1. Please compute the modelled spin-label separation between His142 and Asn29, points set 7 Å along Cα→Cβ, answer in nm with one decimal.
2. Set the Förster distance to 35 Å, then compute FRET efficiency between Asp194 and Asp220 from the Cβ-Cβ distance, nearest 0.05.
3. Tyr39: net charge of surrounding residues, Cβ under 12 Å, Lys/Arg +1, Asp/Glu -1, itself excluded?
4. Determine the dipole magnitude for the stretch 1-117: charges of +1 sit on the beta-carbon of Lys and Arg, -1 on that of Asp and Glu, nothing else is charged, the reference point is the Cα centre, and the result goes in debye to the nearest 20.
5. I want the local charge near Thr174. Using Cβ-Cβ distances under 15 Å, sum +1 for each Lys or Arg and -1 for each Asp or Glu among the other residues.
6. For a footprinting-style exposure proxy, rank Phe92, Phe24 by other Cβ within 10 Å, fewest first.
7. The chain: longest stretch without exposed GluC sites (Glu not before Pro) (DSSP loop, at most 12 other Cβ within 10 Å), sites themselves excluded?
8. In the stretch 78-123, which trypsin sites (Lys or Arg not before Pro) fall in coil by DSSP and have 14 or fewer other Cβ atoms within 10 Å?
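What follows draws every value from the coordinates through simple rules; no lab data is involved. As the structure is a prediction and not an experimental result, all values here were calculated from the model. Note that we place each Cβ from the backbone using ideal geometry, even for glycine, and neighbour counts take in every protein chain shown.
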Amino acid sequence: MNESKEIIKINGVSKIYNTGATKFKALDNINLTINKGEYVAIVGPSGAGKSTLMNIIGCLDTPTEGEYILDSVNTKCSDSKLASIRNSKIGFIFQSYNLLPKISILDNVELPLHYLGVSNKEARERAEKALDKMGLSKHVKHKPTELSGGQMQRVAIARALVSTPQIILADEPTGALDSKTGKEVMEILKSLNDEGNTIVMITHDRDLAKRAKRIVTVMDGIITSDEYNEQVQEVSL
Ligand SMILES: Nc1ncnc2c1ncn2[C@@H]1O[C@H](COP(=O)(O)OP(=O)(O)OP(=O)(O)O)[C@@H](O)[C@H]1O
Ligand SMILES: [Mg+2]
């Protein structure tokens, strides 16, 4: 049992992309610590480095310089070890849902558990429960393409939750949704945080960021402000 309250610790992280002869520094000496149970929005304009930072936090990519400690584990390790850290500790929610279109939503939600070696029976039960929590029990046999955008994002949230990850990482989770459905998704994120989940949400939308308890602003690869949000805006439907 790890008792440290720090779940994300990013120390002096830079990311340099090599494109042919040119090098581009997308992140420049970032320091960021996030504690368990926080709800953090990472905000900034297009090209600021938000997705680059998310990819590092999500163990989808590694820093060029600096270190990233996730739940007291240094993530400087082999690709297979990194994948196993990712599968066990992080749940992802993407703008474009990233669901597999040809299989049922139940199978989609079970997938992360199969990667973790959970038995078929337990995977099915946990996936059904996660979909039920998202109000989708009537649709379990449906394929993603048979659902609305809001329903697909709720499937993606169920998939992110099913492995009971340490962190839920959401990259523009409402970007593809109309405003009412987007608010419903924001309401779900808030209630997941109320239940104790750590949430990191990436957005270019300052108004959405105001739903989070802490707002980190990234610009041109550096953190330009990091502040607690005294007046978290309630989601009005
Ligand atoms: N694979 C890559 N190779 C080269 N440059 C890249 C790569 N990925 C991102 N970049 C560059 O790094 C910078 C930051 O990109 P990033 O995708 O992190 O921005 P972002 O803040 O997520 O933007 P958006 O809001 O548009 O999604 C951009 O200038 C981008 O062109
Ligand atoms: Mg991005």
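1. About 5.1 nm, to one decimal.
2. The value I calculate is 0.55.
3. Taking every Cβ under 12 Å from that of Tyr39, the sum is +3.
4. Taking the Cα centre of the stretch 1-117 as origin, the dipole is about 200 debye.
5. Around Thr174, the surrounding residues sum to +1.
6. Phe24, Phe92
7. Value returned for the longest uninterrupted segment is 4-194.
8. Qualifying residues, ordered by number: Lys102.
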